[in-house]
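Step one of this worksheet: look at the structure below.
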Amino acid sequence: MYRLIICLCLFPLFFSCDSLRNEVDPNRINREAGKLVVASFISPQDSVLTVQVNRSVPVLGQSNAILDVANASVTMSDGVRVVALQYAVNYRRQSLNLYWANARNLPILPGKTYTLSVSTPQGEKVTGQCTVPSGAPVFAVERDSARVENGYSFSNGVRTPIYAKEYSLRVNWADLAGGRNYYRVAAMLSTQQTPPSSQSLVQVTVLNTFFNNSDVVADSPGDDGGQLRSRKGVYYRYSSGVPTLITGPGGTTVITCPTCATTITNPTGTTVINPPSGASGTSTVDNYRFGDNFRSAELTVSLLHTDEMYYRYHEAIPRQQESDGNPFAEPVQIPSNINGGLGCFAGFNRRSVVLKLK
């Protein structure tokens, strides 16, 4: 009798659980049209004003789709002058929907507030405002090199490390006193390379220095005017494990570890290729000098003094990319100061130095 009473009490709960389930019409999810996505970063040091305009993808849309907005009206104003930006057709090939104007038509000055307006023939209109910060402080560049493990290979169950010589830098500067300040460090290595087998000049190669996605810096409220230091940025890495090509009767074979003994089997038989006498991953790297393969090399290092929106936007993007596709990661919302749309309109002031490395 007791069991019967318990079952009668629990029976209504099974029906009440059904009310917790609500059917969602998929067509209702995608009813909202995509919003305009605008990105523009202005600086007194830039000679061109650029604005990128796209449209957001709906929740159930194709995430890799690029929604072009090539017919927008884009203007930028300092409160007195208004300049219209034109669509840059050539950048369309690079999937960059850019609008541009010569900065001489609207000089960007520290302390001034600028307004960005974007409208479309469909009646959409978005706006954004930013104030350009003061000049970036003087900074010092600290360069270093070290031998680091850059990978490994296995041969007969033996792990052989592949070493690299890593050239890195850090930026040191004194925080600007008075209020919160936000910074970003950047560097580019420009080289003219000379291949070891030829003295012919190769075209200029420009590489971005990698700062581990942590190149934006905010001062601490308790350290106003104190010393700040960037994280390490790697601007060049020479590896002894560069694949080696060996061409024989059986064709071309790639040896991924030139410092290891390698067995090659082809129609003519089996051949064991040993590394050169005395060669090793350690000695090859230790004997390498930066510039051995360069005719010229220079490093351009920059420190940006940014507004708060620039900092928040660029600080959130790497975190969002790390969580993208991970069902267990907490979603990261990208900050926006575009009224009526999405994106970022921000300002910065840049100071740069050029270091001649060779």
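Among the listed residues ASN105, ASN150, which satisfies the condition of being outside the structural domain of SER43 (by TED's automatic domain parsing) and not aliphatic (A, V, I, L, M)? Don't jump to the end; show me each part of the working.
Values: ASN105 fails: outside the structural domain of SER43 (by TED's automatic domain parsing).
Step by step, each of ASN105, ASN150 is checked, and only ASN150 is outside the structural domain of SER43 (by TED's automatic domain parsing) and not aliphatic (A, V, I, L, M).
The number of residues in segment 284-301 that are crowded, with 20+ Cβ neighbours inside 10 Å and part of a strand (DSSP E or B) comes to 3. Among strands (runs of 3 or more DSSP E) entirely within segment 82-169, having at least 1 residues that are within 30 Å of ARG229 (Cβ to Cβ) and of a type outside the set (Asp, Glu) singles out 125-131, 139-155.
For residues that are farther than 14 Å from ASP224 by Cα, of a type outside the set (A, V, I, L, M, F, W, C) and part of a loop (DSSP other than H, G, I, E, B), scanning just segment 174-201, find the one that is modelled with the highest pLDDT.
The first filter runs over segment 174-201 and keeps only residues farther than 14 Å from ASP224 by Cα, leaving 184-201.
Narrowing further to those that are of a type outside the set (A, V, I, L, M, F, W, C): 184, 190-200.
So of that shortlist, the ones also part of a loop (DSSP other than H, G, I, E, B) come out as 194-200.
Numbers: THR194: 62, PRO195: 55, PRO196: 50, SER197: 51, SER198: 49, GLN199: 50, SER200: 51.
The residue in question is THR194.
Of the numbered criteria (1) assigned by TED's automatic domain parsing to the domain that holds VAL118; (2) in contact with a Leu (Cβ under 8 Å, 6 or more places away or on another chain); (3) part of a strand (DSSP E or B), the one SER336 fails is (3).
The values are calculated or read from the model by the stated rules, or taken from the named source; none is laboratory data. Note that the structure is a prediction, hence the values are computed from the model and not measured. Positions of Cβ are backbone-derived with ideal geometry, glycine not excepted, and every protein chain shown enters the neighbour counts.
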